[in-house]
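> Starting off with a structure, shown below.
The values are calculated or read from the model by the stated rules, or taken from the named source; none is laboratory data. The structure presented is a predicted model; accordingly, all values stated were derived computationally and were not measured. Every residue, glycine as well, gets a Cβ built from its backbone with ideal geometry; the counts of neighbours run over all protein chains shown.
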Amino acid sequence: MENAKTAAETLLAALAARGTDRAFCVPGESYIALLDALHAHPSIDLVTCRQEGGAGFMAVADAKLTGRPGVVLVSRGPGACNAAIALHTAEQDAVPLILLIGQVEQRDLRRRAFQEIDYAAMFGGIAKWVGEATHPDQVPELIARAWSMAVQGVPGPVVLSLPEDVLAAPCAASAPAITAAVPAALAAPEAERLAEMLRRAERPILLAGHGLDVPGGREALLAFAEDWRLPVAVSFRRQDLFPNRHPLYAGDLGLRNPDAQRQAFAEADLVLALGTRLTDITTQGYSWPAPGQTLVHVCADPRFLGWQFPAGMAIAADALAVLGAMPRQGRAVPEGRAAWNRRLRRLQEADSQPVTSDAADGLAFARVAQLVGEVAPADAIVTLDAGTFAAPFYRKLPWTLPQRLLAPISGAMGFGVPAAVAAALRHPERSVICAVGDGGALMTGNELAVGMARGLPIKLLLSDNGSYASIRIHQEQRHPGRVSGTDLVNPDLGLWCASFGAPLLRVREEADLPALAAALRAPGPMVAVVRTSLQAVLPVHATVPEAG
């Protein structure tokens, strides 16, 4: 046993064999053996971050881009607590994530040792699975199970607790062979039944969800929609699934959809919900599809089928495999389908018109979003934090393939900058643009240090309006004039951004936009601090005090 690999080394070998080539961490003594095993590892790049939430967000973003589980390493107790936000984001966003936690020594488990937490109790309501090794020979099996659980069905987060003495001990067990699950598809009779429903429908809508955010998913969706002449709506914050300029693009199901669009969707005679769990925002508060509308619901996990929305067909299958099993259209569609498609398209186009507003307190950030849409390369990756500043990116930008949108479907603030770092690491050849508010920037904007240390050409657009504006809007709607807890007193964010080493541009008015466009097109990193109008996004009755 003298030359046997440690459990930590065996774990890394199993991850590498499954395609893991990058992991994100904040170091901790409770997994020092794993850090040692990563020293000069031939195929796994270890990215050292500044806070566990930021490391977790990077892993989530990396998983969105690769389809493989993101891997994040944290220490016990405080490290695991900080990483919890990434677990919640991965669960809400349907993203495979593996959280590896260094745990107290095996002999001290469940004895309230220093920084000990029972992670099954802590994460049981968020993670798909929580495991804990109590012997080094269990580690290969547990990491194989963690990987499989993260990717099967609806993807999501898993947690593996690894006592520090177990990680350092010799491991005699070998890693299980890799067995890729065959995606569940649709049998021929059911495929023909669905085809007949699509042929008869005069006012169908195809609702595309997370199940198509996989390699080949976007291309298959486009081909299927064109063949069957189906209008496509996308679920919450997944605008990059379908080309937004396409005549069949009907818009997104998100926050505050226009009344006319909601009314039209309510008139659909068939809703094909493909690869989605039909959560509250996508279903407009569980109000759509409405009773009387025929629903075909395709989701890889049967737990999400048949309880909230009774379906004409409830299909527990992989969305991409279902598309592959469907026959070609082959017949003329109903006469009214073309008019229906045009109607939905007109409504989407009306909702995507640029918004301009003059305000004395700064530049409407919608103008910056418009500019990004105009100058972003065809293969750009745009990462967004959570906040009102991001709203125009969802409905005002014409997303086209292969552009990617990385946004927190969970609504987690702090996602934007770490996601940009992960995206630039994964695709250094592509333009990575990040938009973040002043609230989110001071949560995890410190991770820009990681990006600059790695020489990543990230373009950061920071909206500075001195407010948690999303919450301020709700305050003004429910309690007009009673501002409480939403004002921010910021440092000089330009100096703060410049301290990371990126060139700084200050944007205060419309006249500064040509310089911003040039900076976005130029090579290398750039930070633009935009003095953003708060008045432009608040209800008309609200007032903003003059600066100074």
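> Is it the case, given these coordinates, that ARG262 is over 12 Å from LEU186 (Cβ atoms), free of Cβ contacts under 8 Å to residues at least 12 places away in the same chain and not β-branched (Val, Ile, Thr)?
It is false that ARG262 is over 12 Å from LEU186 (Cβ atoms), free of Cβ contacts under 8 Å to residues at least 12 places away in the same chain and not β-branched (Val, Ile, Thr).
> Return the pairs, sorted by first residue and then second, in which the second residue is of a type in the set (Asp, Glu) and assigned to a loop (DSSP other than H, G, I, E, B), the first residue lies in the range 36-64 and is farther than 20 Å from PRO96 by Cα, the beta carbons are less than 6 Å apart, and the residues are 6+ apart or on different chains.
Listed by first residue and then by second, the contacts come to SER43/ASP21.
> What number goes with the only condition from (1) out of contact with any strand residue (DSSP E or B) (no Cβ under 7 Å at 6 or more places or on another chain); (2) crowded, with 24+ Cβ neighbours inside 10 Å that HIS39 does not pass?
Only one criterion in (1) out of contact with any strand residue (DSSP E or B) (no Cβ under 7 Å at 6 or more places or on another chain); (2) crowded, with 24+ Cβ neighbours inside 10 Å is unmet by HIS39, namely (2).
> I'd like the full set of residues that are touching a residue at least 24 places away in the same chain (Cβ under 8 Å) and closer than 30 Å to ALA84 by Cα, limited to the range 171-194.
CYS171, ALA175, PRO176, ILE178, ALA181, PRO183
> Are any residues in the range 146-190 of a type in the set (S, T, N, Q) and either within 21 Å of PRO302 (Cβ to Cβ) or out of contact with any strand residue (DSSP E or B) (no Cβ under 6 Å at 6 or more places or on another chain) (or both), and if so, which ones?
Scanning the range 146-190 gives SER148, GLN152, SER174, THR179.
> Moving on to the next point. Of the conditions (1) at pLDDT below 95; (2) in the same structural domain as LEU206 (by TED's automatic domain parsing), ALA359 fails just one. Which one is it?
Among (1) at pLDDT below 95; (2) in the same structural domain as LEU206 (by TED's automatic domain parsing), ALA359 violates only (2).
> How many of the residues in the range 470-528 are out of contact with any helix residue (DSSP H, G or I) (no Cβ under 9 Å at 6 or more places or on another chain) and of a type in the set (Lys, Arg)?
Number of matching residues: 2.
> Determine whether ALA80 is touching a residue at least 60 places away in the same chain (Cβ under 8 Å) and either among the acidic types (Asp, Glu) or in a helix (DSSP H, G or I) (or both).
No: the conditions fail for ALA80.
> Now for a separate question. Being of a type outside the set (S, T, N, Q) and over 16 Å from CYS434 (Cα atoms) is the filter here; which residues of the range 478-493 pass it?
ARG478, HIS479, PRO480, GLY481, ARG482, VAL483, GLY485, ASP487, LEU488, VAL489, PRO491, ASP492
> Taking the stated definitions as given, is VAL322 surrounded by 17 or more Cβ atoms within 10 Å (Cβ to Cβ), over 26 Å from GLY275 (Cβ atoms) and either at pLDDT 95 or above or under 23 Å from the mean Cα position of the chain (by Cα) (or both)?
So VAL322 does not fit the description; no.
> Let me ask something additional. Identify all residues within the range 204-226 that are touching a strand residue (DSSP E or B) at 6+ places or on another chain (Cβ under 9 Å) and free of Cβ contacts under 8 Å to residues at least 60 places away in the same chain; write none if there are none.
ALA225
> Go through the residues of the range 255-275 one by one and say whether even a single one is within 30 Å of ALA150 (Cα to Cα) and surrounded by fewer than 19 Cβ atoms within 10 Å (Cβ to Cβ).
Yes: one or more hits.
> Report yes if THR444 is in contact with a Pro (Cβ under 6 Å, 6 or more places away or on another chain) and either within 17 Å of GLY362 (Cβ to Cβ) or of a type outside the set (Phe, Trp, Tyr) (or both), otherwise no.
Judged against the criteria, THR444 is a match.
> For the condition buried (at least 21 other Cβ atoms within 10 Å of the Cβ), under 27 Å from ARG277 (Cβ atoms) and at pLDDT below 95, what is the one hit in LEU401, LEU397?
Just a single option satisfies the conditions, and that option is LEU397.
> What number of residues in the range 91-112 are closer than 15 Å to GLY79 by Cβ and surrounded by fewer than 23 Cβ atoms within 10 Å (Cβ to Cβ)?
1
> Let me ask something additional. Among the helices (runs of 4 or more DSSP H) lying completely within the range 369-480, list those that include at least 2 residues that are without any contact (Cβ under 8 Å) to a residue 24 or more places away in the chain and over 30 Å from LEU46 (Cβ atoms).
Where helices (runs of 4 or more DSSP H) fall fully within the range 369-480 and carry at least 2 residues being without any contact (Cβ under 8 Å) to a residue 24 or more places away in the chain and over 30 Å from LEU46 (Cβ atoms), they are 469-478.
> Does the range 236-246 contain any residue that is surrounded by fewer than 15 Cβ atoms within 10 Å (Cβ to Cβ) and over 26 Å from PRO334 (Cα atoms)?
No: the range 236-246 contains no residue that is surrounded by fewer than 15 Cβ atoms within 10 Å (Cβ to Cβ) and over 26 Å from PRO334 (Cα atoms).
> Taking ALA16 as the residue in question, decide whether it is surrounded by 24 or more Cβ atoms within 10 Å (Cβ to Cβ), modelled with pLDDT of 95 or more and under 19 Å from VAL151 (Cβ atoms).
The answer is no for ALA16.
> Let me ask something else about it. Can you confirm whether the range 195-203 contains a residue that is without any contact (Cβ under 8 Å) to a residue 24 or more places away in the chain and either part of a helix (DSSP H, G or I) or within 22 Å of LEU344 (Cβ to Cβ) (or both)?
yes
> Moving to a separate point now. So ARG343 fits all but one of (1) assigned to a helix (DSSP H, G or I); (2) modelled with pLDDT under 95; (3) basic (Lys, Arg); what number is the exception?
Exception for ARG343: condition (2).
> Right, here's the next one. Tell me which of these ILE32 doesn't satisfy, since it passes every other one: (1) closer than 25 Å to ARG238 by Cβ; (2) outside any strand (DSSP E or B); (3) touching a Leu at 6+ places or on another chain (Cβ under 9 Å); (4) not charged (D, E, K, R).
All conditions are met except number (1).
> Just checking, which of THR532, THR486 is buried (at least 17 other Cβ atoms within 10 Å of the Cβ), without any contact (Cβ under 8 Å) to a residue 24 or more places away in the chain and in contact with a Ser or Thr (Cβ under 7 Å, 6 or more places away or on another chain)?
THR486
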